[in-house]
Amino acid sequence: MAVVPPIPEYAENGPKELDAGSLFVLKSRGSWLHCGYHLTTAIVAPALLSLPFAFTLLGWIGGMICLSMAALVTFYSYNLLSLVLEHHAMLGKRQLRFRDMARDILGPGWGRYFVGPLQLGLCYGIVVASTLLGGQSLKFIYLLSRPNGSMQLYQFIIICGGLTLVMAQLPSFHSLRHINLVSLILCLIYCACTTAGSIHIGHSNKAPERDYSITGVGINRIFGIFNAISIIATTYGNGIIPEIQATIAPPTTGKMLKGLLLCYSVVISTFFSVAISGYWAFGNQAQPSVLQNFMLDRMPLLPKWFLLITYIFTFVQVSAVSLTYLQPTNVVLEKRFSDPKKGEFSIRNVVPRLISRSLSVIIATTLAAMLPFFGDIMALFGAFGCIPLDFILPMVFYNVTFKPSRKSIIFWGNTIIALVSTVLSLIGAVASVRQMVLDAKTYHLFANM
């Protein structure tokens, strides 16, 4: 088998060879369209079904303001990251990973001890949460067809994990381009189904009595507001912008912006339609997933076939989300266990890849089955992971790289966004821990939730 020569990566002192993780997983062969598919799958995930619930903690005005501001700030933030990456690529130092950016811009310690572990923990946590959500979707499909069925949640999680284990063997991020195109189409379909379902129920005689007053009183309301902000921030979160841009074939200039425009056309159409229709239909009775409102006392408020289609598409799309967020873990595993001087599909590299990726998925599936309350933990991950990676570091990277004048609007705009996001991250973390303490009595390993 032919040996693939490593592509040079340029450092300050000259060219250096890429490690196996960057060479095999982050192949730079994609177009801006492929980039748009990856971005959409990373952002438009079933977590957006919690947006009506966030509105119950914020109300109409607060919810619309937070949803709109988060869209503007994240689009701006991701574009800043792209500009920084393009700038370094033009200087001959193309950065392929978030930790590479932190290392080159802030110093080696930032990449190795802060950004690298933070991103890896967040992305792996999303894989666990996606596996759990996939299992819950399968369980709902099962109960819809067999209401008295005896299968437990952990069994459906194992089925979902098995699918992810097989698909995780796709060698590179670029290999997911067609899967993520399907993912983009599916998210549009199940969001359309969710919106149509909410509107139908809202106009039917089965509609609940709507109350748009903000839930909670006193300190509970205050923490609820910050919890809702964390939910919205996490829903817009990405955390893998550099890795997605790394899949674009050079030259990269302008391609990421096109991908972002494609992505945010889907984001705006899905996020706002689901949030507005769900909150309009159910008011402050909206559940953590609006799909839960489609059942009343275990009786469906919509035709069974309609619910089945919605949940099947949700399950398939969340599988694509798992694969997308596995890529940073795959980069680390390939770097540790593969040899860049051997062929990508040589026995020397295929066997370690198969074993390491399979173990990675098995561990994630086991955690999802053991911790069906992992959603509460992910709220904490969102506060500590999504907000720093998506709202704080891009502003810092841009200001340090381009050094805009301290009298300029862009410098102070970036600084204010970073400072406000830092405060929100800390308060959101406290609110998440508090919610975990309140819910602790319901936590049981392998619970059939």
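Tabulated results
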{"item": "Lone unmet requirement of (1) in contact with a Phe, Trp or Tyr (Cβ under 8 Å, 6 or more places away or on another chain); (2) open to solvent by 60 Å² or more (accessible area, probe 1.4 Å) for Pro208", "result": "(2)"}
{"item": "Pair list, Cβ < 7 Å and 6+ apart or interchain, from the stretch 261-274 residues that are closer than 8 Å to Thr40 by Cβ to residues that are outside any helix (DSSP H, G or I) and aliphatic (A, V, I, L, M)", "result": "Val266/Val44; Val267/Val44"}
{"item": "When residues of the stretch 171-196 are limited to those that are closer than 30 Å to Pro340 by Cβ and without any contact (Cβ under 8 Å) to a residue 60 or more places away in the chain, the one least open to solvent (accessible area, probe 1.4 Å)", "result": "Ser175"}
{"item": "Tally, over the stretch 134-176, of residues that are within 17 Å of Met370 (Cα to Cα), at pLDDT 90 or above and among the aromatic types (Phe, Trp, Tyr)", "result": "1"}
{"item": "Residue in the stretch 196-211 that is over 30 Å from Leu81 (Cα atoms) and among the β-branched types (Val, Ile, Thr) present", "result": "yes"}
{"item": "Index of the failed condition, Lys93 passing every other in (1) of a type outside the set (Phe, Trp, Tyr); (2) in a loop (DSSP other than H, G, I, E, B); (3) in contact with an Asp or Glu (Cβ under 8 Å, 6 or more places away or on another chain); (4) free of Cβ contacts under 8 Å to residues at least 24 places away in the same chain", "result": "(4)"}
{"item": "Odd one out for Phe402 among (1) over 26 Å from Ile232 (Cβ atoms); (2) touching a residue at least 60 places away in the same chain (Cβ under 8 Å); (3) open to solvent by less than 40 Å² (accessible area, probe 1.4 Å)", "result": "(3)"}
{"item": "Pair list, Cβ under 7 Å, 6 or more apart: the stretch 17-35 residue among the aliphatic types (A, V, I, L, M), other residue in a strand (DSSP E or B) and surrounded by fewer than 23 Cβ atoms within 10 Å (Cβ to Cβ)", "result": "Leu18/Glu9"}
{"item": "Pairs with Cβ under 8 Å, 6+ apart, first in the stretch 47-61 and surrounded by fewer than 24 Cβ atoms within 10 Å (Cβ to Cβ) and of a type in the set (Phe, Trp, Tyr), second at pLDDT 90 or above and part of a helix (DSSP H, G or I)", "result": "Trp60/Tyr279"}
{"item": "Residue match in the stretch 384-399 (condition: open to solvent by less than 10 Å² (accessible area, probe 1.4 Å), acidic (Asp, Glu) and at negative phi)", "result": "yes"}
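The values are calculated or read from the model by the stated rules, or taken from the named source; none is laboratory data. Quick caveat, the model's predicted, so the values are computed rather than measured. Virtual Cβ from ideal backbone geometry, glycine too; neighbours counted across all protein chains shown. The accessibility values were calculated without ligands, DNA or RNA, using every heavy atom of the protein model including side chains. Shrake-Rupley method; radii C 1.70, N 1.55, O 1.52, S 1.80 Å.
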